[in-house]
Each structure stands twice: as C-alpha cells, then as structure tokens.
1. Once fully extended, how much extra length lies between S263 and V277, figured as 0.36 nm per residue of separation less the alpha-carbon to alpha-carbon distance?
2. In what sequence, largest accessible area first, do L102, L419 appear using a 1.4 Å probe?
3. Along the Cα→Cβ direction, 7 angstrom out, place labels at S352 and A89. What is the inter-label distance in nm?
4. Checking the table K209/K355; K209/K280; K61/K209; K234/K280 against a 26 Å threshold on Cα-Cα, which pairs fail?
5. Before I look further, what does region 313-384 give for accessible area per residue, probe 1.4 Å, in whole square angstrom?
6. Relative to the present Cα-Cα distance, how much length would full extension add between Y105 and A202 at 0.36 nm per residue of separation?
7. If the chain between A114 and L413 were fully stretched, how many nm would it gain, using 0.36 nm times the residue separation less the Cα-Cα distance?
8. Please list, ordered by chain and number, the residues whose modelled amide H lies under 5 Å from the amide H of T41; skip anything fewer than 5 residues away on the same chain.
Amino acid sequence: REAKGMFSSYGGGEAVRAPAPVTVASLKSLKEGFVTGLQGTTFAEILVLTLVLPLATFVRKAVVGEALRRRRQGWCKAGSWANLWVDFATVVVPGILALTVLSDYGAHLCAAFAALACLGVVRANQNQVQLREARQQREAGGYGDQVRDDVNGSDEHSAAPPAGLRDLVAAQTTYVWDSLTEYRSILCLYTFVSILAVDFEAFPRRLAKAEHYGVGLMDVGVGSFVISDALFSKQDRPPQEASAKSPAVAPKFDTKLVGATLSNALQLAFVGAVRIVATKLMAYQEHVGEYGVHWNFFLTLASVKTLSLLVPTRAAGPAAAGIAATYQFLLSRQGLATYVNEEFRDTSSLLSLNKEGVVSLAGYLALHCLARFYACSSNLHVLTERQYGSTSLKAKRQWAFRHFEYTCWFAALCWVLALGLDHWVERVSRRSVNASYVFWVMAINLTWILSVYFCRSEKKSNKQTPTTPSLLSRLSPLFRSFGERS
C-alpha cells in the first residue's frame, strides 16, 4: 500500500494518524505534570514512614552486636565491605522499599522492625547476663577466662547496663551528639531516595509535594534541613565556662562566626545560581509552584542563614512566635495566601515570578528561630559540644535527662499547635510555609529525634561495635555546608 504523508491506508479504507513525535518541550511538560496538582496524604502516614529508618538502624545494631558475639569481626569493622553490606541490607534497602513498593505497608514495616528490635534487646540482655557470670567467675578464680572467651567479653565490656532511663540517656558523653548525627544522616538518606524516586511511578504520588495545601513526605524535606541547620548553629553555642557553672550562659558575639556564616550562605547562593543556569540551559523540568521561576532550595537556605544573624540568641523564642503570628495574620486576613496560591504571575516583576520562594522566607525564618529556641532552652549545644567532655558525669546526666524530658514536652506542644492550626486556622501549606506547617515540621522532626534516642538507649558500651552505621556516618559530612560552619 502507498503511504500518503502521515496517513496510511489499511483494510476498510480507514486512515490512521501516526503518533506525533515526542519533543523536548512535550516531554518536559509531561514530567512537570507528573508532580503537579497533588494533594498529599495524612499526618499519620508521614509519621509512620519517618519511623521506619530509625527502627531499621536499631535492627542493624542488633545484627552487628550478634555478629560481634559470634566473632565475625568483619561485620563490625567500620569501613569494611562486610559492614557496608550489612548497612545496605538493614538500612538502605528497607528505606527504599518503604518509600516505593511497600509504601502501603508502612505500619507493618514499623511493627516488623519493632519486633526484631525487641528480639535484639532480649538477645543483648542474655549476652549481658553471660558477661556478668563470666566476670563473677573470674573474680572467684574459677573458669572465667574460658567463659569470657565463649561470650567474647572482657572486664571493660561486661558491666551491667544502667537500669533506669536517666542512666540510659547519659550512658556516654557523646550520646546526644551521636543520636543527632544519626538523625541528620537518616534525613539525608530519605532525601536521596525521595528525589531520585519521585519521577517514577513506583514512588506514590501522595508522598510527593502537595500543590497548595496538604502534607506529603517530600514536604518535610526543606523544613527539616532548616531545623538541622538551626540545631547545630555555632552562633548560639555558649562559651566554655558554661560547663563549669551553668549551661544557661549567653553566647558571646563573635565576628569570626558571623563571617563564617556569611561565607557559608554565599556558597549556598552560588550553588543556587549555578542550578538556575544549569536547569535553564538543559531545559530541565521545573515545577514553578514550589519556589517560583528562578528561586530554589539553596537560595532559601542561604537567605535564612543570613537573616538569622539579625536575631540574637535570647530573642529566638519571641522572634519565632512574633514572626509566625504576624505572617499567619497576613496570610489569613490580608490576602497574602491568595496571592501566593494564584497562578497569575506578572512577568515584568521578579517578585511575582518568584513569589513562593520570597514570601515563604518569613515562615522558614520563624521555623529556624523556633529550632534555635528549642536547642538553647534544652541545653542541646552543651551536650553536643566536644569540649565539655571534662564536665562531671553527674552534671552531664542531669542535663541529658532534662534535655530528653524537655524534648518530649516540646514535641507534644508542637503537635497540639500544628493539629489545632491545621483544623481551625489554615491547613498545612509548604508552598506558603504557614504557621501550621512550621509547627508540624518541628513536631515531626522532634518525634524523629526522640525515636533515635529511644533506639539508641539500649546500646551497650562495647567499644568494638560502631555506634552509628558506617554508611550513615559517611553521609553526615554532606551536612557541613548547612550547619557545621554556621
């Protein structure tokens, strides 16, 4: 048969149009439409999914502890291939599955990991009993050496674990530091998986960023990075004399720290500018409803870090409350929410083209100040500063337990405010970063941190066992640009 242009004749005389060729513009439009107009999911599902990896790291510790008892030293040696594969199998793979093909079974995964973690605790306690018996036999002059070899114990490692939660929280001076390192590393892992998987159908649409109102797992991302930066902000750390007197010593103004923060912000701004140029040159798909036409995540972090220098440490709490209340009033009563959510953009105005990114800076600044207030009021900076290692164990225990108790109450308060504001004032909106979003992200991050505290509370003081998975510890340097030099 003779082909005629784009039509071909088939039996019956019908003409069939050949499919139009896929162009770069049409492919970009399809990809943008794949992540546009989403409504999100529920608070409960997001919370459950964020607890999968902390429980997975707990199971990983149980696996490594059992491997150490069975003298499989390669599984426990940080940096070894065996240790890397253990981390990948027990932490990374469950995280990928929880966000993709098993996302509908998040609660089941949490229950399964919790059950495995309980078995690990029981097994660890059995090992501790054997270690105590070995120590008693050595002290009695019996066959302690043989029993010690059987259980791979020693005098240093055979002490009974602390009995109460107060002692468990302060089992070592680096407990809070290691827990927060693990929290930031898990956050980085969640971010990697989500960003790489969101363009595929295996990643549920409900977990991607919500368009206007609603909550998705990816809506937690940028707010969590802002909180992470605030928790490790050096401008709020008290001077060294705080370890001898009281943790509530006001930090001193340091021009070097201000310069380091500005330098870090400039680096983030440079990365943001490079991203703008790269995406425009490659015609890469962009969802302008997230930040605007030219704005992006890095410019937001750079702006928040710079603006935070204007807020003194002691004024962080009042500033957070004042900014959040004023900003929410403008959103609800002055039509600012309508301006942010409408599709119209004035092409002659940079502010209109990037209204989402610019306007939301007020909400992110309030979130940053709120996280700074929590860190200072809970003595977090004292507990994470390595120079305070000489502080008496009694004072360290008191501060650690107060920090843990304060975190519980602060998380509960943030949950109440987030749910109340979402129900009675305005639904959670990452696009505008309203007050309900600020308290929701703060609440979910504190709950996340508490879960890491709990999952680490049963860790024994065995120096041969890495306290943080080596794979996660290698991710933590990626956060230096966001917090270590701030």
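1. Values: separation 14, 0.36 × 14 = 5.04 nm, distance 2.13 nm.
Computed gain between S263 and V277 is 2.9 nm.
2. L419, L102
3. For the pair S352/A89, the computed spacing is 6.0 nm.
4. Pairs exceeding 26 Å: K61/K209; K234/K280.
5. Numbers: 2900 Å² over 72 residues.
I get 40 Å² per residue for region 313-384.
6. On the way: separation 97, 0.36 × 97 = 34.92 nm, distance 1.40 nm.
Residue separation times 0.36 nm, minus the Cα-Cα distance, leaves 33.5 nm.
7. Here the answer is 105.1 nm.
8. For T41, the qualifying residues are V215, G216.
The values are calculated or read from the model by the stated rules, or taken from the named source; none is laboratory data. Computed from a predicted model, the values in this text were never measured in an experiment. All Cβ positions, even for glycine, are placed from backbone atoms using ideal geometry, and neighbour counts span all protein chains on display. Side chains included, ligands, DNA and RNA excluded: accessible areas come from the protein's heavy atoms. Shrake-Rupley method; radii C 1.70, N 1.55, O 1.52, S 1.80 Å.
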